[in-house]
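Working notes, beginning with the structure itself.
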Amino acid sequence: MPSTQMQTEADAIAADLVSSQLRRHARRFSFPLLVYIGERIMILNNETQLLEALGLYRSILSEEWLSRITSTVTDCDCETNGSCKISVRNRYFATDGRDLGTARINYYSERTGADWKIRMVEYLEWPCPDRVAECLPLQLMMA
């Protein structure tokens, strides 16, 4: 996947989260999907579970008045077998311009036919960590 295409995809992922286009966002993933958040892991077996987790995360960000995410692809490591690790740094901003924090994310993708699907996500850093930690339904989804 060329780097301009990866940057375009990272921008689209961020735009879908900001605009709550969660179904469109979910089509980028394969299942079961592993999501690492620091030391914790979520195993999402289907789109319904992914949409539930995304909805909870999006509502945390909405309460902080999320209005914009800027994405930067910081690294890409593609293998000849059709798998890629794409590292992204996102900055989250509120409607009043306030910086909500940074996310450092690794997406592990693989080619399935003509498409790329994300099979694993690793959050190394994320905005509103205290709010995520306090979100009981989200915590119950993690092992």
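The values are calculated or read from the model by the stated rules, or taken from the named source; none is laboratory data. It should be emphasised that the depicted structure is a prediction, and the values quoted were computed from it without experimental measurement. Note that each Cβ is placed from the backbone with ideal geometry, even for glycine, and that neighbours are counted across all protein chains shown.
Quickly run through the stretch 46-105 and pick out the residues that are closer than 16 Å to W116 by Cβ and either aromatic (F, W, Y) or part of a loop (DSSP other than H, G, I, E, B) (or both).
E79, T80, N81, G82
Please work out if T102 is β-branched (V, I, T) and in contact with a Pro (Cβ under 9 Å, 6 or more places away or on another chain). Working first, answer last.
Details: β-branched (V, I, T): yes; in contact with a Pro (Cβ under 9 Å, 6 or more places away or on another chain): yes.
Spelling it out, T102 is indeed β-branched (V, I, T) and in contact with a Pro (Cβ under 9 Å, 6 or more places away or on another chain).
Filter the stretch 112-143 for residues that are part of a strand (DSSP E or B) and among the basic types (K, R); which is surrounded by the fewest Cβ atoms within 10 Å (Cβ to Cβ)?
Just the residues of the stretch 112-143 that are part of a strand (DSSP E or B), to begin with: 112, 115-125, 142.
With among the basic types (K, R) added as a condition, the list becomes 117, 119.
Details: K117: 15, R119: 17.
Across the stretch 112-143, the extreme among qualifying residues is K117.
Answer yes or no: is there a residue in the stretch 90-98 that is touching a residue at least 12 places away in the same chain (Cβ under 8 Å), surrounded by fewer than 18 Cβ atoms within 10 Å (Cβ to Cβ) and aromatic (F, W, Y).
The answer is no; no qualifying residue exists.
Taking G101, is it farther than 23 Å from S19 by Cα and out of contact with any Leu (no Cβ under 6 Å at 6 or more places or on another chain)? So that I can check it myself, show each step before the final result.
On the way: farther than 23 Å from S19 by Cα: no; out of contact with any Leu (no Cβ under 6 Å at 6 or more places or on another chain): yes.
So G101 does not fit the description; no.
Among C84, C128, which is modelled with pLDDT under 90 and under 16 Å from the mean Cα position of the chain (by Cα)?
On the way: C84 fails: modelled with pLDDT under 90.
One residue alone meets the criteria, C128.
With the requirement that a residue be surrounded by 16 or more Cβ atoms within 10 Å (Cβ to Cβ) and either of a type in the set (V, I, T) or closer than 14 Å to Q21 by Cα (or both), what does the stretch 68-78 give you?
Scanning the stretch 68-78 gives I69, V73.
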